[in-house]
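Sending over a structure as structure tokens; questions will come in a sec.
The values are calculated or read from the model by the stated rules, or taken from the named source; none is laboratory data. These numbers come from a predicted model, not from an experiment. Because the Cβ atoms are built from the backbone with ideal geometry, glycine has one as well, and the counts that use them run over all protein chains shown.
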Amino acid sequence: MTEPSTAATGERGPRRVLLTVHTGRRDIVELARTSAARLLRGGIGVKVLEDEAPDLEIPGAEVVPCDEGAAKDAEIVMVFGGDGTFLRAAELARYTDAALMGVNLGRVGFLAETEPEAVEETLSAIEDCEYSVEERLAIRVDVVDRGGMVVGGTWALNEISVEKAERSRVLDVVIAIDGRPLTSFGCDGVLCATPTGSTAYAFSAGGPVVWPDVEALLLVPSNAHALFARPLVTSPHSVVTVAVPADGNQARVSADGRRTLDVPDGGRVEVRRASRPVRIARVHAAAFGDRLVAKFGLPVRGFRDARHAGPGHELFTSRNVLTREVVSVDDPDQTAREVSGGGTHDDV
């Protein structure tokens, strides 16, 4: 779900932005500094985390502890780094109304909104309150012992992984949906992911890519020794249970690769939709499909189009991938022409 920024409606008091920065790279630190200076000049307060403040050295910034109160009263949590830094920032913004806005300085960066070259445009959007806020489904995790008592819990934006604690042994699991047993198998682990996390760990394990505005829960086995061990997509209202038999391998839960919990002998892990979504601020209106094409370098011409210029020649893609307009390499000045998606019998 997408909504306009509440800052534009005058519902907030003094405006503040919390910075979270991957301080291990000098170029990222410099970009964060120049961005903070512009926000301060525009009358927007800047907060920095106390463990990052010595590296950032931003005059006029408010230094706050790195805890659940860091994003209190902040309108935006602006992230400078990759998806790992973004997930760390999500922990800080979790129980506030702050929206996350990422500048991708990592390798892929599906969570981040902005590439480095568009930072000035993003800062202008923050200053003018010209951004929207998406609410992304998050998941809640309960670890239950064999007696039915909840002994631990956490949450995740991307995924939780029920993993074997001993690498040399197979993890035996029983899968249930809404309290009804579904299947059992031996595996390296089981992933329970959100649509936001479908392009992360779950994708690497063979799961489907799910558009982030789809509300659903994903279950993806990892290296399962079974005939029926396909990825599953369930209702967002379902409860997904991964039970570990008492005579099986020791298991643990990893949430977003950042928080871990041990699963007791004979215990189970219950995953359901979290009561609070994660809020992500968006400036650019690019469709998710376009982000997939850009991030993964996907071919959008179709295999037949590459043959029009003859063997060994590749056709350049135009800016409009939907109409599939291309320009022949034999005549680069030729006006872009539309190539039929179906091809002809001569193409075969």
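Select from the stretch 261-303 the residues that are among the small types (Gly, Ala, Ser) and closer than 14 Å to Gly153 by Cβ and write down the one among them that is surrounded by the fewest Cβ atoms within 10 Å (Cβ to Cβ).
If we take residues in the stretch 261-303 being among the small types (Gly, Ala, Ser) and closer than 14 Å to Gly153 by Cβ, then Ser275 is surrounded by the fewest Cβ atoms within 10 Å (Cβ to Cβ).
Residue check, Ser132 against (1) within 19 Å of Arg282 (Cα to Cα); (2) modelled with pLDDT of 95 or more, all met but one. Which one?
The failed condition is (2).
Same structure again: Look at the stretch 120-143 and say how many of its residues are surrounded by fewer than 19 Cβ atoms within 10 Å (Cβ to Cβ) and either more than 18 Å from Glu30 (Cα to Cα) or not charged (D, E, K, R) (or both).
9
Let me ask something additional. Answer yes or no: is there a residue in the stretch 127-143 that is in contact with a strand residue (DSSP E or B) (Cβ under 9 Å, 6 or more places away or on another chain) and on the phi > 0 side of the Ramachandran plot.
Scanning the stretch 127-143 turns up at least one residue that is in contact with a strand residue (DSSP E or B) (Cβ under 9 Å, 6 or more places away or on another chain) and on the phi > 0 side of the Ramachandran plot.
I'd like to verify a number: residues in the stretch 158-182 that are more than 23 Å from Arg140 (Cβ to Cβ), touching a residue at least 12 places away in the same chain (Cβ under 8 Å) and not basic (Lys, Arg), how many?
The number of residues fulfilling the criteria is 3.
Further question: Pick from Glu3, Glu11: which is at pLDDT below 95 and in a strand (DSSP E or B)? Lay out the reasoning, then the answer.
Numbers: Glu11 fails: in a strand (DSSP E or B).
So the residue among Glu3, Glu11 that is at pLDDT below 95 and in a strand (DSSP E or B) is Glu3.
Which of the residues that make up the stretch 12-34 are closer than 17 Å to Gly82 by Cβ and in contact (Cβ under 8 Å) with a residue 24 or more places away in the chain?
Passing the criteria: Leu19, Thr20, Val21, His22, Thr23, Arg25, Asp27, Ile28, Val29, Leu31, Ala32.
Among the listed residues Gly69, Gly81, Gly45, which satisfies the condition of being in the same structural domain as Glu130 (by TED's automatic domain parsing), modelled with pLDDT under 95 and touching a strand residue (DSSP E or B) at 6+ places or on another chain (Cβ under 7 Å)?
Gly81
Give Trp211, Trp155 a once-over and let me know the one that is over 18 Å from Asn249 (Cβ atoms), touching a residue at least 24 places away in the same chain (Cβ under 8 Å) and part of a loop (DSSP other than H, G, I, E, B).
Trp211
Quick one: Leu56 ticks every box in (1) in the same structural domain as Asp262 (by TED's automatic domain parsing); (2) buried (at least 18 other Cβ atoms within 10 Å of the Cβ); (3) not small (Gly, Ala, Ser) except a single one, so which number is it?
(1)
Okay, moving on. Working carefully through the options Leu218, Leu191, find the one that is assigned to a strand (DSSP E or B) and out of contact with any Cys (no Cβ under 8 Å at 6 or more places or on another chain).
Exactly one residue qualifies, and that residue is Leu191.
Considering only the stretch 196-215, state which residues are within 12 Å of the chain's Cα centre (by Cα) and among the small types (Gly, Ala, Ser).
Result: Gly197, Ser198, Ala200, Ala202.
Turning to a different aspect of this structure: Being more than 30 Å from Arg291 (Cβ to Cβ) and not small (Gly, Ala, Ser), is that true of even one residue in the stretch 214-227?
The answer is yes, given that some residue of the stretch 214-227 is more than 30 Å from Arg291 (Cβ to Cβ) and not small (Gly, Ala, Ser).
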